[in-house]
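**Q** The structure that follows is given in the form of structure tokens.
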Amino acid sequence: MPADLDNDNDLADDLNDDLTVEETPPRRVVIGRGKVGGLLARADNCAVVTRQRGGSTLADPAGDPIAVCVRNDDLAAVLVGVPRHRRTDLVFIQPGVLDPWLEDHGLEGNTRGLLYFTVPAPGGQAVPGGVSRFTGPHANAMALWLESLGLRTEVVGRKAFTAVALEVAIWSAAFGMLCERFGLDVAGVLDTHGPELTALGHELCAVGRAGLGVELDPDALLANLRVYAGGAPRDRTGVQDWRWRGGWFHDAARIHRIKTPIQDALIARLKPSR
């Protein structure tokens, strides 16, 4: 599963064939120095911006990537501190459905990433969990950055990225609600509540199709959900970060008038807060 940035809150409580690791890396900037931010900051020629220091780096000329490694709820505060001429350099690697927020702030064309590794503790080594993906103007630079740290990375088009991001969001929302509702870990949901997972997955797939314009094959989606779950069977996820995860599906279902009885019943029982 993609990396979670829960501890990265220091701020505001197809690689192209011509890219090789021998190239001189661009100047890189990390905002936030939690577990993921700290890992990225180990790369060569990398500056770090936290609440206490490094802000002047953001005044440099535009053109090099700025990896935003903070929690979703801190994004607005981070944006305030970034000069307008550098905002197109921002790279968003947060989990969840960011699309509405990015569109509201004129950042829908920015680089985005899905990180398929974890960092168990601050200062620790990355534990790979798959191939990370990037899309957008700094995608190649980000792929070079991660590969310099020994992490496999792929550059994809925007449509392909959105499809994978939607799959991950459905995984997070579906298992989050079901784990919370039944007091089980991911493996427990798979073992004892498969029918509910299937029904909920179909509902969220329809909402994603309407809300993001992405067509996912429901059977392939469910197979992928089980593959993701197999990589984290003891996770006991929940309904945290509701605005960015399950909350988006709830709102989009209402906007597009899609019936989601399984989701609605779970929300009525759990009463998640934003």
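**Q** When Val68 is evaluated against the numbered criteria (1) within 23 Å of Gly231 (Cβ to Cβ); (2) of a type in the set (Val, Ile, Thr); (3) outside the structural domain of Gly211 (by TED's automatic domain parsing), which criterion, by number, is the only one it fails?
**A** Against the list (1) within 23 Å of Gly231 (Cβ to Cβ); (2) of a type in the set (Val, Ile, Thr); (3) outside the structural domain of Gly211 (by TED's automatic domain parsing), Val68 comes up short only on (1).
**Q** Please pick out the residue among Leu216, Leu222, Leu200, Leu184 that is outside the structural domain of Ala141 (by TED's automatic domain parsing), over 17 Å from the mean Cα position of the chain (by Cα) and crowded, with 22+ Cβ neighbours inside 10 Å.
**A** Being outside the structural domain of Ala141 (by TED's automatic domain parsing), over 17 Å from the mean Cα position of the chain (by Cα) and crowded, with 22+ Cβ neighbours inside 10 Å holds for just one of Leu216, Leu222, Leu200, Leu184, which is Leu200.
**Q** May I pose another question? Which members of the range 61-78 meet the condition of being closer than 27 Å to Ala252 by Cα and of a type in the set (Val, Ile, Thr)?
**A** Result: Val68, Val70, Val78.
**Q** For the range 79-93, state whether one or more residues are touching a Cys at 6+ places or on another chain (Cβ under 9 Å), crowded, with 16+ Cβ neighbours inside 10 Å, under 25 Å from Trp248 (Cα atoms) and not assigned by TED's automatic domain parsing to the domain that holds Val227.
**A** Within the range 79-93, one or more residues are touching a Cys at 6+ places or on another chain (Cβ under 9 Å), crowded, with 16+ Cβ neighbours inside 10 Å, under 25 Å from Trp248 (Cα atoms) and not assigned by TED's automatic domain parsing to the domain that holds Val227.
**Q** Look at the range 224-245 and say how many of its residues are within 19 Å of Cys205 (Cβ to Cβ) and part of a helix (DSSP H, G or I).
**A** Of the residues in that region, 7 qualify.
**Q** Here's a follow-up. Which of (1) over 19 Å from the mean Cα position of the chain (by Cα); (2) buried (at least 18 other Cβ atoms within 10 Å of the Cβ) is the odd one out, the single condition Pro233 does not satisfy?
**A** Single failed check for Pro233: (2).
Quick grid of which residues meet (1) of a type in the set (D, E, K, R); (2) modelled with pLDDT of 85 or more:
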position	(1), (2)
Val227	no, no
Arg236	yes, no
Arg245	yes, yes
His256	no, yes
Pro261	no, yes
Ala265	no, yes
Ala268	no, yes
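**Q** Can you name every residue in the range 64-78 that is touching a His at 6+ places or on another chain (Cβ under 9 Å) and surrounded by fewer than 21 Cβ atoms within 10 Å (Cβ to Cβ)?
**A** Asp64, Ala76
**Q** Please state which of the following conditions Glu154 fails to meet, knowing it meets all the rest: (1) buried (at least 22 other Cβ atoms within 10 Å of the Cβ); (2) closer than 20 Å to Gly37 by Cα.
**A** Among (1) buried (at least 22 other Cβ atoms within 10 Å of the Cβ); (2) closer than 20 Å to Gly37 by Cα, the lone unmet condition for Glu154 is (1).
**Q** A further question follows. Taking strands (runs of 3 or more DSSP E) that do not extend beyond the range 51-130, which have at least 1 residues that are at pLDDT 95 or above and of a type in the set (Gly, Ala, Ser)?
**A** Those strands (runs of 3 or more DSSP E) span 66-68, 111-114.
The values are calculated or read from the model by the stated rules, or taken from the named source; none is laboratory data. Nothing here was measured: the structure is a model prediction, and the numbers come from that model. Using ideal geometry, Cβ is built from the backbone for each residue, glycine included, and neighbour counts are taken over all protein chains shown.
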